[in-house]
Every structure is written in structure tokens, then in C-alpha cells.
Amino acid sequence: MISIKRQLNILWMLLLLSGVLYAQTTETPDQKYARMAWWKDARLGLFIHWGAYAVPAGDYKGQNNYGEWIMYEAKIPKPEYEQMAAQLNPVQFNAEAWVQMAKDAGMKYIVITSKHHDGFSMFHSQVSDYDIGDRTPFQRDPLKELADACRRNGLKLCFYHSIMDWHHPDAKGADFPKYRDNFLKPQLRELLTNYGDIGVLWFDGEWIDEWTEEQGQDLYRYVRSLQPGIIVNNRVGKGRNSMQGMNKSEDAAGDFGTPEQEILGEKSTSDWESCMTMNDHWGYNKNDKNFKSSADLIWNIADITAKGGNYLLNVGPTSEGTFPKESIDRLKDIGQWTKRNAEAIYGTTVWEEWKEGEDIRYAQGKDGAIYAFVRNIGGNQLILKRINPKPASDIFVLGDNRPLKWKADENGVSVRFPEKWDAAEQPVWVLKIKGEKAATAEIPVISIANLPAKKTEAFTGEIWVKLSAAPGTKIFYTTDGSAPTTKSVWYKKPIRVNRSMTLKAIAKSTDKRSSETVMVQLVKAKYGVQIGQAYASKYASVGSLSLCDGKRGTTNFSDGKWLGFEGVDLDVTLDLGGIKSIKGVGLSCLRVIPSWIFLPVGVQISSSTDGKTFTIVQNNAITATATDKDQNAVETFHFPTAVSCRYVRIVAKNQGACPSWHPGSGAKAWLFVDEVWVD
Ligand code: FHN
């Protein structure tokens, strides 16, 4: 009797031979699985973007927001950029120290730029003299030193290599095949024959017109012919779906998907790796201090693990050959956490119930244990819905050998942590549970005006909130933010809401455990708001009412509290609900020059009693013209305005276009507004 697996392999070979199935190589699924095994178990890798661009470190001609694209974005002439490259002399470079930091962080492989789009090779190439060995005082080969250090420490060395090349004269137009055959491929041969076993070839820059899927398939085979065991990402061809990174079709070239600066929204059994910066730049920018917190980076590891992916986290080293301190600190924090929770991270696989709300993720161990990654635990009790522990089994929190007290009832598994336990001591806790999926009721739906509510809803006056769930289920809810149980208020009719609150609800059916909790933040806004100009959907906060919800935005423009207007003015009318005597009008705006966000250049205020005829009461020019030295800031403006009216119209004039000194010169300028109010 031939096993199913063997039957599949035979079928696969027949399809292949018949030409029905076009594969990159004659590799069976089993063989591919074996080749990818180390990478799947590895989970975490360190991405390193290191090149000539570290010399300017983000600055050029008064601009300070560049990264590894500086040559292109700042239109630096080749000779001038070559001069920059010639200054690269990383005398503090210590391969052993870099590899140790990656290893201590729990990373199992390093992907370093052998050549980025600028065409400058970070290894001593014989194919080119535009490299660190020939053009700089640094006569060593950093990739050779890294290869040796990785071998000594049991890490896999991998290369990021750009197909796009801004420096090579043939890498454009009709001569591209000459570049491909006489430069790109010979350099790859050097990289795959002179540096030992290479784990992954991470291609990039495949989006250029000169590149095609066919060339990608050929390059894949070429690379695999040099090192048959190597793994190649899906940017070798043209198959990826933009920054979402997964292949658009089954037979696209490459072994894994490459979401960039994002994590898949759902679990996936395909091979994928999310690559992400720690701050806002891949290459070193000495001005960029906008680093993600260690807690957020650690939660990304939990989220990616639950979804079955790998995490390739980036560091941009300096031209001296050192890691920025902020990166070192985060690698240390990650290392402490991965060390404590290793068994939940490495070699685990996707569990069918991989998520529970926004703060719980699950993964399955090879021994069948289920790991629950949990953040934001209030107090020392936790309720898990999606799992049923085996009766009388122990639940442990990794890193602590004391079994936790727990009991399961119709509302879930309530787990109690030890008395003197400090929830804040770890950004993410991991529980090890022997159990199986629990049957839970369907999550109820919260609706406002017959539309499903978003996570946050602003309103004026009062609204009616409806809760609905599957037939035969009861719904229980709370309005004080506490976790609802079957002892909470039983929902029987729409809820009248006339104040801000956090509404949470669960559903319960007779034969199942109560559902996961659904939540909506209801925020009462002070006035009715009529927007005259469309804000961008990407920066839409909770809609126009967010201008009056009292929730202040921060200088992190993507904090979800800003309305962003691209190239157009803010034109908003507040309905005070009746004739009021007002004394002043205020608004808060954001300035983040590197992100093309400018303050308004003027504010006009007009009033009306009927909402139809308006009289201008204030015309204020805000004269401070933007300069590239302006720091990120939330600026609040207040205009004394003594008038009696029901409607107040505020028009804040957008700068219109980025100024000539700005990298976005001439492009639409953004106006970000958060709060408008009258007093
Ligand atoms: O253009 C590159 C960018 O410089 C960086 O290397 C990232 C990292 O994956 N990839 C491209 C942008 O998608």
C-alpha cells in the first residue's frame, strides 16, 4: 500500500513531467520541506542594511530624512556619491560582536546587504571595483568576517542582493541583459562560492521594468545550481503582491513571501517572513529616533509566530561599523524575552484558534502543548476562551515552574497568577497549556444606526446601540470596561447612550462556552461637525467627530487620532446645538516636516445663526513659514472670537505644496488636524 505522501509525490512528478506543473526545479514537496526546515524553525532573523549610504547618515544639503535611497531621492550625481562611498571606513566593525548581538537576541540567521540599489558592493568583488575593498580605506571584507563569525556561532549568513542597480551603466534599458549576465550573475557566483554555505538569497529591487518573471525563474535556478540547499525569497521574480509580499500565483519564483513593514492579517500555512525596521529607516539615519518600543517588537514576534511566519528585524549600522544604541537596547530586551519563551517561539506551528481578541495569540508545540501569548493583563487574573485545558492538567507561565491556579466554567478558563506577581514585568507572558480547542458561541455584533460599529465611534447628543448574535444565544454586556460574563446585564433591547463609555459584550448559547468579548469605545463629541473637504481615508481617525472628541493626537501622525488633509484645507462647521455666546475658537494641528505635514498658513473663522449665511469674524495669517529645522510638534492655535451664534465655520488653509527646499518639493502638502473647539 503506497502512502498518501508517496502518492502525492508520484502525482507531482507526473504533473511536472507532463509540463502541466511548471516548477522552478525538479524538487519534490518533501525535498523542499527538508530544505526549508531550518528556516521555518528559526523564526527570527536580523536584517542589516549597511552600505555607502551610512556615510551621509540621512543628511544631504539641509535635508535630514534620507536613508538608503539617498542617492536617488537627493539626486546625488554618481561622482559625488562615489566620493561618499570612498569615505566608508568602518574601523569599529566587529563581526563577532554583531553576530553575538543577533544570537543573544534569539536570532538564528542574518541577512545583510551585499549590494543595495546604489550598486556599491559591501564585499571585495573581483567582478567590480565599485566595492568596499577597492574604493575605501577599509581593506577588509566585512562579509567574509561575518561568514566566519556566523559559522563559529551557529548562525546562518544570508545575503540581500538588489537586482536594481543605480550605478552600473548597463543596468538600465536595452543593455540590461549585459548587466544581468556579465555583472549580476557573476557577483552572485562570487557570493555563493567564496563565503561558504549561504542560508538565503534575499533579492530585492525586482520591480524594475527590465526584470521579468522568466528572468526570475532563471535566476532562481542559477542560484540553486550554485548552492542547491539555499533558500530564495519571492523577490527573485515578479510574483509578489506589493508590500503585502505574498505570491500572487502558486508558480511564482521564490520559496517564501516577503511582507514588508507589515504582518499578515491572518494565519498562513505558506512560508512567509515579515521584514521590518525598528525606526523609520532601513539604512542608518542619525536623526531618526522614532524607534518602536521593545514591547511592540516582542508582540510582533508573538503575532507572527501565531500566524506561522518569520520575523526579519532590521538594524542600520553606522559608517563606523557600530549598531545604534537604540537598536542594541531593543535586541537585548528581545533576547531576554526569547530566552525565557524559546519553546513557544521556535519550531512551533499554527494552531487553528490562533487568536483571541487583540491581546491573545496561540501557537502549537510539537508535543501538542498550546502556548498562549498574552499582553495587557490587568491584575493577576486572565480569562481564556478559545482553549479547554485537560482536566486536572497544569498550566504554567514560561520561565516559572509554579503551576497556576485555574478553573473552567461557561465563561472560559480563568487563570490566577501568584499573589506577588507583577504583570508589568514582561511585555508579553506565555502560558503553556495542555488542552484543546473550546466550542465557543459566536461573537455578538455591535451596531449603531444598523451599521456594524468600528472599534471607536464618536457621536453627539445620544445614540442607540443594538447588540445581535446567533439565534438561540443570550447576550450579556458591560458599560464600565469590565469583562462581561453571564452574570453581567442581559441584553434585551437597544441601549440608549448619551455619554462616552466602553461597551463590551459576549454571547452565550446553552451548548457552548460564552464567546470572545467584542468591544466598542463610544466617545461623545461636544458638537455636531460638518466637514467641507474630504480627509484622507488613511488618516481618518474616527471620522469627522474626532475633531471634537477631546482625544488629543501625538506627534506620531499614525496614532489614529488625526484627520489628514492632502493638499486641501480643513473646512469644518461646528453645530453648537443652539445660539451660544462664544469667546474664542481653538484648533490643534501637527507639524512633521520630514513626513510632509505642515501647519496651516492661515485660519478664517466665520459664524452663523442659521447655518446658511455666514459672517467672517476672524482672518488670521499664521506667518511662521516652515523650515526643515522645524521639529515635530502638535501646535495649538487659539483665536479670541466674541460672537453669539449657533454655527462656527473654521477654514484652516493648507500650505498647498511642499516648499522648494523639501524632498517632496512641489508635491501636495499634508494638513493634520485633531481638535477644534469653541469656548
Ligand atoms: O527599496 C528597498 C528598501 O531600500 C529596503 O531594502 C526594503 C527592505 O526590504 N526593500 C525595498 C523597499 O520595498
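So for region 633-646 (the condition being over 43 Å from the mean Cα position of the chain (by Cα), more than 30 Å from G62 (Cβ to Cβ) and surrounded by fewer than 14 Cβ atoms within 10 Å (Cβ to Cβ)), does at least one residue qualify? Break it down into steps so the answer makes sense when it comes.
Kept after step one, since they are over 43 Å from the mean Cα position of the chain (by Cα), are these residues of region 633-646: 641-646.
From what's left, more than 30 Å from G62 (Cβ to Cβ): 641-646.
Applying the additional criterion that residues be surrounded by fewer than 14 Cβ atoms within 10 Å (Cβ to Cβ) yields 642, 644.
Yes; the residues of region 633-646 include at least one that is over 43 Å from the mean Cα position of the chain (by Cα), more than 30 Å from G62 (Cβ to Cβ) and surrounded by fewer than 14 Cβ atoms within 10 Å (Cβ to Cβ).
Just checking, does region 116-128 include any residue being within 25 Å of the chain's Cα centre (by Cα) and of a type in the set (F, W, Y)? Within region 116-128, none of the residues are within 25 Å of the chain's Cα centre (by Cα) and of a type in the set (F, W, Y). Per the listing W490, W429, the residue uniquely in contact with a strand residue (DSSP E or B) (Cβ under 9 Å, 6 or more places away or on another chain) and either surrounded by fewer than 20 Cβ atoms within 10 Å (Cβ to Cβ) or charged (D, E, K, R) (or both) is W490.
Scanning region 393-415 for residues that are within 20 Å of G368 (Cα to Cα), part of a strand (DSSP E or B) and not hydrophobic (A, V, I, L, M, F, W, C) gives no hits.
Looking for something farther than 21 Å from I443 by Cβ and of a type in the set (D, E, K, R) - is there at least one such residue anywhere in region 366-382? Checking region 366-382: at least one residue is farther than 21 Å from I443 by Cβ and of a type in the set (D, E, K, R).
Scanning region 286-298 for residues that are within 11 Å of the chain's Cα centre (by Cα) and more than 16 Å from the ligand (Cβ to nearest atom), we see that the one that is farthest from T348 (Cα to Cα) is D296. Can you say whether K366 is more than 30 Å from L522 (Cα to Cα), modelled with pLDDT of 95 or more and among the basic types (K, R), as far as the supplied structure shows? So K366 fails the test. Residues of region 614-633 that are within 20 Å of V592 (Cβ to Cβ), touching a Phe, Trp or Tyr at 6+ places or on another chain (Cβ under 9 Å) and not hydroxyl-bearing (S, T, Y): I622, A626, D628, D630, N632.
Restricting the search to region 152-167, which residues are within 16 Å of the ligand (Cβ to nearest atom) and assigned to a loop (DSSP other than H, G, I, E, B)?
Within region 152-167, I163, M164, D165, W166, H167 meet the criteria.
For I198, the conditions (1) within 16 Å of the ligand (Cβ to nearest atom); (2) surrounded by 22 or more Cβ atoms within 10 Å (Cβ to Cβ) are fulfilled apart from (1).
Among the residues here, R189 does not qualify as farther than 30 Å from A105 by Cβ, touching a residue at least 60 places away in the same chain (Cβ under 8 Å), surrounded by fewer than 20 Cβ atoms within 10 Å (Cβ to Cβ) and of a type in the set (K, R).
Just one residue in the set G283, G265 is within 16 Å of the ligand (Cβ to nearest atom), in a loop (DSSP other than H, G, I, E, B) and either without any contact (Cβ under 8 Å) to a residue 24 or more places away in the chain or at negative phi (or both); that residue is G283. Of all residues assigned to region 123-135, none qualifies as being among the hydroxyl-bearing types (S, T, Y) and within 16 Å of the ligand (Cβ to nearest atom). Has region 58-76 got any residue that is within 16 Å of the ligand (Cβ to nearest atom), of a type in the set (V, I, T) and either more than 26 Å from the chain's Cα centre (by Cα) or at pLDDT below 95 (or both)? Looking for residues that are within 16 Å of the ligand (Cβ to nearest atom), of a type in the set (V, I, T) and either more than 26 Å from the chain's Cα centre (by Cα) or at pLDDT below 95 (or both), one finds at least one in region 58-76, hence yes.
Yes or no: K172 free of Cβ contacts under 8 Å to residues at least 40 places away in the same chain and either within 16 Å of the ligand (Cβ to nearest atom) or not β-branched (V, I, T) (or both)? Yes: the conditions hold for K172.
Taken as a whole, the condition of being free of Cβ contacts under 8 Å to residues at least 24 places away in the same chain and more than 25 Å from P484 (Cα to Cα) does not apply to A424. Note on region 473-482: residues that are surrounded by 17 or more Cβ atoms within 10 Å (Cβ to Cβ) and either free of Cβ contacts under 8 Å to residues at least 24 places away in the same chain or hydrophobic (A, V, I, L, M, F, W, C) (or both) total 2.
Do you know which residues across region 286-297 are part of a loop (DSSP other than H, G, I, E, B) and not charged (D, E, K, R)?
Scanning region 286-297 gives N287, N290, F291, S293.
Criterion applied to A149, A85 was being under 30 Å from N341 (Cβ atoms) and either away from the ligand (no atom under 16 Å from the Cβ) or not in a helix (DSSP H, G or I) (or both), and the one residue passing it is A149.
Please enumerate the residues belonging to region 386-413 that are buried (at least 19 other Cβ atoms within 10 Å of the Cβ) and out of contact with any strand residue (DSSP E or B) (no Cβ under 6 Å at 6 or more places or on another chain). Within region 386-413, just N411 meets the criteria.
The single condition from (1) assigned to a loop (DSSP other than H, G, I, E, B); (2) out of contact with any Gly (no Cβ under 7 Å at 6 or more places or on another chain); (3) surrounded by 21 or more Cβ atoms within 10 Å (Cβ to Cβ) that Y535 fails is (2). When the residues of region 203-227 are filtered to those that are within 29 Å of the chain's Cα centre (by Cα) and among the hydrophobic types (A, V, I, L, M, F, W, C), the one that is nearest to the ligand (Cβ to nearest atom) is W207.
Among the residues of region 107-118, those that are more than 13 Å from the ligand (Cβ to nearest atom), over 15 Å from F323 (Cα atoms) and surrounded by 23 or more Cβ atoms within 10 Å (Cβ to Cβ) comprise M107, Y109. Here L157 meets the list (1) hydrophobic (A, V, I, L, M, F, W, C); (2) farther than 17 Å from C275 by Cβ; (3) without any contact (Cβ under 8 Å) to a residue 60 or more places away in the chain almost entirely, failing just condition (2).
The values are calculated or read from the model by the stated rules, or taken from the named source; none is laboratory data. Since the structure is predicted, the reported quantities are computational estimates derived from the model, not experimental observations. Backbone-built Cβ (ideal geometry, glycine too); neighbour counts: all protein chains shown.
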